Every structure is written in structure tokens, then in C-alpha cells.
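Read the figures in this text as sums done on the coordinates, not as results from a lab. Keep in mind it's a predicted model, so treat the numbers as computed, not measured. Counting neighbours? That spans all protein chains shown, and the Cβs are built from the backbone with ideal geometry, glycine included.
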Amino acid sequence: MKKYSISSIVTEAFRDNLGWEKAWAKPKPKKEYEVIIVGGGGHGLATAYYLAKNYDVTDIAVIEKGWIGGGNTGRNTTIIRSNYLQESSIGIYEKSRFLYETLSQDLNYNIMFSPRGVLMLCQTEHELRAMKRTSHANRINGVDTKMVTPDEVKEIVPIINIDGPRFPVLGALWQPRGGTARHDAVAWGYARKCSDYGIDIIEQCEVVGVKKKREKIVGVETSKGQIKAKKVCFVAAGHSSVLSELAGFRLPIESVALQALVSEPIKPIIDCVVMANTVHGYLSQSDKGELVIGGGADGYNNYSQRGSFLHIEETVRALVETFPVISRLRQLRQWGGIVDMTGDRSPIISKTPVEGLFINCGWGTGGFKAIPGSGWATAELIYNEEPGNLAAPFSMDRFSEGRLIDESAAAAVAH
Amino acid sequence: MLYLFCPICRRDCDETELSCGGQAHLIRRDHTSSDKDFYRYLYERKNDKGIIFERWRHVYGCGKWFHTARCTITNQVFGSYSAKDALPPKSLLAKIRSSRVDFKGWIK
């Protein structure tokens, strides 16, 4: 792999950009691998990458039904933060945010990480109290957040309306080290580096069956034929239940469509991420100038990848009240993705009833921010066949054992 | 916007009038059941990609529960039936089968 650098840009500029290589190879699947990762989104690619980087395992295939960057990694609102309440959540999300800081250098791929700050508004007394509790939990666990006053909120975001009338801003939880990153670049960067390690990224290849021998995994049946493997890991977000059904067990997961939208591009008006849980909307501005707006999840299970109009109206109504200046903007695009919701809104990184089969799912409405940390923890689980400190609290048996990780702040806004 | 038929009010309702109660025909468990069974009742879901049977409540109407059959890929609704039915009615299963040849029927 040729390194991306200032000199490579200059060199290519002098030869009509004809020397750039394909970022990752498109190999045919081999008959057998040591590890198969089912799902080539951010989490799957990060898992493969950290298996190679941290454990020298490179005999890996990443199998993707669609194309790299076409799933939820390219459908989210690109927010990165770690201001969670529970210790185990803080562990994995803070690890993730920390890895994001140097991910561009690590991958030699500009993921445009922009620690522009994340502001979570408190618009009721109860929310203010809950956020104070979160800020104390953050401080105890070494996450850099603090409570700010309404006047400070106005200073950070001049376009905000803090006076209500229905929901005046009473304060906010401010994480200055949170921010955004270019989401598809994260997938592309991991894919390029994985390919460089010799990991096979197999696109347009759907898993249609799971091969087991006496409750032990031996491989997967795909649309490109049978592939054997000693270990398999499902990292398929909204479609995890479909895969687990093939493997013969059910998950504590329900899939719903979550949607987002962007406005037409305008000049810079907001330089941080603002989340308003009470009125249900969140907003940031992309480098292209579009306002990136996160909408609500559908209230019923579906795999439609569309989202509903009524939720757009709900979200936009709330944001217009909070940011009156955006009221005349037009919507440019809207899209949906299928997210996997667990009962406690925390993820699952776990062994499964099938030996040699692992699963990483349940990130629900907030998986993008967790990509590096989740990959790191899942790689550890696959290599050791036992979870490390990061993954241990997120095992699947926490539901029957009653040790839920009740995460009120799992998503930007409650879904 | 989903439009579902409320069998109590005998009219179509907007999604905004309703609230979804998740998978229908779950086997309810109480404190005397095993941990595994209780977990299954509380958390484990079929979460099918295809035809599902689910519970809805007409919250901004009669306030009563009812059942529906819906496809989770296309959101096509096949019909509603009473909350008292322990299993989907045969006529509804036949209706689904007539438009979906690969429909396997109701699976526990």
C-alpha cells in the first residue's frame, strides 16, 4: 500500500493523478479462513483491523452483503462522545473516543475527526438533575465533561433560543472533546488498512446459512459459496436477528428504522454538536455546510430503511423552536437505517450458544461513536475466546442474570 | 404513515393514534418460571424480517389492544384481529399466503 502524504499529493498532482491505487483489494473468497467477520461496516472492519494489529491474526475474511460504507456506518449523524452514565459504558465509549483522536494517523487516512464539542441541553428540571448526575459519573471516571449555565450555552451556540417559552434551556452537559468525524472515511480507512494487512474484504456476498458441527461453528454458506472458518463473528447491526436465526438461536433484539436528514448547505452557523433530548432533536453542521439533523426512530419493528414523515415533522418542529434561524431552510435529503435495539439500550459483545461463534450487536441508535472501542474489545474477545475488561459487562447473559446496563444516555435523544 | 384497522372501533386509524406493543402471542411467565423462561418472555424476540404478528393499542381512541399482521420489509398490513385470539385466525393466514408464497405460517 502506498502511503498517503503531502509528497504523494504533490507527486500525483504532477502526473494527472494517475498513480493512485485502489484503496482496498476485491479478492475472491478463499476456501477457508481462521476468522470470518460477517458484516463489513465500521464495527466489523475495526474488529478485523484490531485482530491484525493487536494480535497478529491476518487470516481473516470480512464478508459484506452490500458495499463498504453503504450500511449504517454511512447513515448515521457522525457524532462522537463518551458522556455516559454507567461505568461499563464509559469504559468502552471513552476508549473509543480516545482512539478516534489519533485514528487518522493510525490508519494513514484522514477521517476528519473534529473535536468541536458536544452540548447536551437540559430543558426540564428532571433532565438538569439527571445530567448533573451524569457529569459527576463522568468526573469520577475521568471523562472530561462539565455542566454549563444557560448564558454559557448562548455563548457556545449564539443561534440558540434559550428562553423557551415551552422548554427554556436550564443548563447543559458540555463535552469539549466530543465532536464529529467523516463517517464513510472511517469505514474506508479501516478497509484500506485491513486490505494492507492481507485481510480479504469480500463485498456483495450475503451469508445465507451457518455451518455447525455438534454446536460448534465450522463455517458459513454465502451467496459466493461455502467458506470454512475456525471462528466466526456476526457484526451485522440491524440484521443480527436474521443471522442468529440461521445459527439457531434468538437474540434479545428488536430492529427499527432510525432516520436522519440534512438541510441545504449554508454558511457556517454552528460549530459544535447540540442535542436536545426533551424536544427530541439534534443538530450539527457538516463541512459542506449542510445541517445534519437526527430524527426519531419508528415506534414499531421494521426493516424498511426509510423512516416515516411524521418523525421528520416532529424533529424539525422541535429544532425550529430551539434554533429559530433555521426555519426557512429546505431539506436536501432524508434517509433511514435499521438499528438493533436491546432491552437496556446497551450493546452486546458476547460469546453465543454456538462454540466459536461470537456476536457484536445491539448498538441501537448510537454505534458510530463506538467503532474503534468496539472493534478493539471484540478483537480481544475473538482472540482469547473470553471477553476482556471492556467487553465483559456487555455479554448476552446479562439479561437473564439481571445485570442490565441501563443507559439513559445511550442515544443522543431517547428512542 | 401506517394505517391500521381497530377491530373495536371498526375503523382505520393513523399510526399517531396507536402505540405498538411488540411481538404478539408471547407465552407469559411469572415468578415461578425458570430464569431461562423468564428471560425469553421478557427479552428474547423473533424480530423477523418478513411477516410478523404484533400487538397494538388504540391509545388515542378506545384504549383497547388488538393484533395485526404486517410485513416488516414493505410495511404492508394484512389485517387486524382480536386481542382475545390466542393465535392468528386461519382466514388471515390464508390471506397472507395468497400474496406471499414463501410464507411459512405462524411460528412459535
Open item on the list: How high is the relative contact order of chain B? Use alpha-carbon pairs under 8 Å, at least six apart in sequence, and give a whole percent.
Closed with: 23
TODO: Treating only the Cβ atoms of Lys and Arg (+1) and Asp and Glu (-1) as charged, compute the dipole magnitude of the protein assembly as shown about its Cα centre; round to the nearest 20 debye.
DONE: 1380
Task: Stokes-Einstein translational diffusion, chain A - Kirkwood Rh over all Cα pairs, 0.890 mPa s, 25 °C, in µm²/s - done: 112
TODO: Count, for each residue of B:16-26, the Cβ atoms from other chains sitting within 10 Å of its Cβ, then give me the mean as a whole number.
DONE: 2
Task: About the Cα centre, charge dipole magnitude for chain B (Lys/Arg +1, Asp/Glu -1 at Cβ), debye - done: 360
Task: Cα→Cβ-extended label distance, 7 Å offset, between B:Trp106 and A:Glu125, nm - done: 4.8
TODO: Check each of the GluC sites (Glu not before Pro) in the range A:8-57 and keep only those in coil by DSSP with at most 10 other C-beta atoms within 10 angstrom; list them in order.
DONE: A:Glu21
Open item on the list: Report the gain in length on full extension from B:Ser99 to B:Arg28: 0.36 nm times residue separation, minus Cα-Cα distance, nm rounded to one decimal.
Closed with: 22.4 nm
Open item on the list: Counting only other chains, and only Cβ atoms inside 10 Å, what mean value do you get across the residues of B:71-83?
Closed with: 2
Task: P(r) weight above 17 Å for the range B:3-99, C-alpha pairs, percent - done: 54
- [ ] Compute the label zone of A:Arg306 within the range B:38-67: residues whose backbone N is under 18 Å from the point 7 Å along Cα-to-Cβ.
- [x] B:49-52
TODO: Can you spot the lysines whose alpha carbon is less than 21 Å from B:Lys36's alpha carbon? Ignore those fewer than 8 places along the same chain.
DONE: A:Lys351, B:Lys46, B:Lys108
Task: Along chain A, longest interval not containing exposed trypsin sites (Lys or Arg not before Pro), exposed being DSSP loop plus at most 10 other Cβ atoms within 10 Å - done: A:32-165
Task: Under 17 Å from the Cα of A:Lys216 - aspartates and glutamates, other chains or at least 8 residues apart - done: A:Glu32, A:Glu34, A:Glu245, A:Glu355, A:Glu385, A:Glu386
Task: Pair A:Asp59, A:Asn389: separation of 7 Å Cα→Cβ label points (nm) - done: 3.2
Task: Using θ = phi - 60° and Karplus 6.51 cos²θ - 1.76 cosθ + 1.60, couplings along the range A:23-36 (whole Hz; Gly, Pro as x) - done: 5, 9, 6, 10, x, 7, x, 7, 5, 8, 9, 6, 10, 10
Open item on the list: Per residue of the range A:323-328, what does 6.51 cos²θ - 1.76 cosθ + 1.60 with θ = phi - 60° give for ³J(HN,Hα)? Whole Hz please, x for Gly and Pro, Karplus curve as stated.
Closed with: 10, x, 5, 8, 4, 9
Open item on the list: Give the separation of the Cα centroids, the range A:167-240 to the range A:355-380, in Å.
Closed with: 8
TODO: May I ask which residue of A:Leu251, B:Ser99, B:Val59 lies farthest towards the positive end of the charge dipole of the protein assembly as shown, with charges of +1 (Lys, Arg) and -1 (Asp, Glu) on Cβ and the Cα centre as origin?
DONE: B:Ser99
